[in-house]
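**Student:** Pasting a structure below so you can have a look.
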Amino acid sequence: MEKGTLVEELKALIIKSLKLEEVLPANIDPAAPLFGSGLGLDSIDALELVVALEKTFGIRIPDEDVGKEAFASVNALADYIIKNKK
Amino acid sequence: MEPFDHLPHRQPFVMLDNAEVIEEGRHAKGIKLITVNDPAVLPGGIMPDIYIIEAMAQISGIAGGRKESSRFAAIKNLNFSRTAYAGDTLELESIFEKKFSGLCMFRCRASVSGDTVAEGGIILYFDETA
């Protein structure tokens, strides 16, 4: 899977699954943190995103430590999916 | 099973009259008998949606099996299809879906005679240190 395409798919998935209706894909910086200072997502969004990622890409994010690495940014999430997708 | 054996809640805030654990830590069913003299019921016999959500959270707490250390955190994509009234038996079912970072997602349904009243996600926080 080509990373650029995956990054765009992830932006669309984040907006749809978290119902970020006011956010456009172009406004999501793929290098910015997803939580806190970046998109400003919270722990409940993280749970929703884990469920959506498992359903869409068949990957597992088993715990918070792995989540910190995978959710560092959209780019980091794309790298995690490429590395772990079955 | 008495619901308060598995919940920290006490009357009048126990929103279940009976509950059954189908699979420990994952799946539970329960009922709420809606009566006109229930303090939660509005004049006219309408069961307010907020108390139905609370009943869904309580059956999810029983499904999760963590009596003292669970907290109601959020609802997700929860939709109401009809109103429940005094005289109805509200049937509740909750199934564990996913846990991440202390938060647990449950898929939950409230129904009357098989008709869906409300359906959606209930998120509970389980305090791992408790």
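The values are calculated or read from the model by the stated rules, or taken from the named source; none is laboratory data. These figures come from a predicted structure and were not determined experimentally. Because the Cβ atoms are built from the backbone with ideal geometry, glycine has one as well, and the counts that use them run over all protein chains shown. Quick note on the areas: whole protein, heavy atoms, side chains included, nothing else; ligands and nucleic acids left out. Shrake-Rupley method; radii C 1.70, N 1.55, O 1.52, S 1.80 Å.
**Student:** Taking chain A as a Gaussian network, Cα atoms linked when under 10 Å apart, which of A:A52, A:A76, A:A31 shows the biggest mean-square fluctuation?
**Tutor:** Taking springs between Cα atoms under 10 Å, the residue moving most is A:A31.
**Student:** Please say if the protein assembly as shown is rounded, prolate or oblate, where rounded means a/c under 1.5 for a ≥ b ≥ c the square roots of the C-alpha gyration tensor eigenvalues, and otherwise the choice is prolate for a/b larger than b/c and oblate otherwise?
**Tutor:** prolate
**Student:** Stokes-Einstein D for segment B:11-84 at 37 °C, 0.692 mPa s, Kirkwood Rh over Cα pairs, in µm²/s? Mind showing how you got there, number by number?
**Tutor:** Values: Rh = 13.3 Å.
Rounded, D is 247 µm²/s.
**Student:** Among A:I59, A:I15, A:I44, whose mean-square fluctuation peaks in a Gaussian network model of chain A (Cα, cutoff 10 Å)?
**Tutor:** Sorting by GNM fluctuation, first place goes to A:I44.
**Student:** OK, next. May I ask you to derive the relative contact order of chain B, considering only C-alpha pairs under 8 Å and at least 6 residues apart, and to give it as an integer percent?
**Tutor:** Reported relative contact order: 26 percent.
**Student:** Of the heavy-atom accessible surface of chain A (probe 1.4 angstrom), what whole percent is carbon and sulfur? Walk me through the numbers before you get to the answer.
**Tutor:** Details: 2420 of 4600 Å².
Carbon plus sulfur share of accessible area: 53 percent.
**Student:** Here's a follow-up. Label A:E54 and A:A26 with points 7 Å out from Cα along Cα→Cβ: what is the distance between them in nm?
**Tutor:** So the label points at A:E54 and A:A26 sit 3.6 nm apart.
**Student:** With the Cα gyration tensor of chain A giving a ≥ b ≥ c as the square roots of its eigenvalues, does the rule (a/c under 1.5 for rounded; else a/b larger than b/c for prolate; else oblate) give rounded, prolate or oblate?
**Tutor:** Since a/c stays below 1.5, the shape of chain A is classed as rounded.
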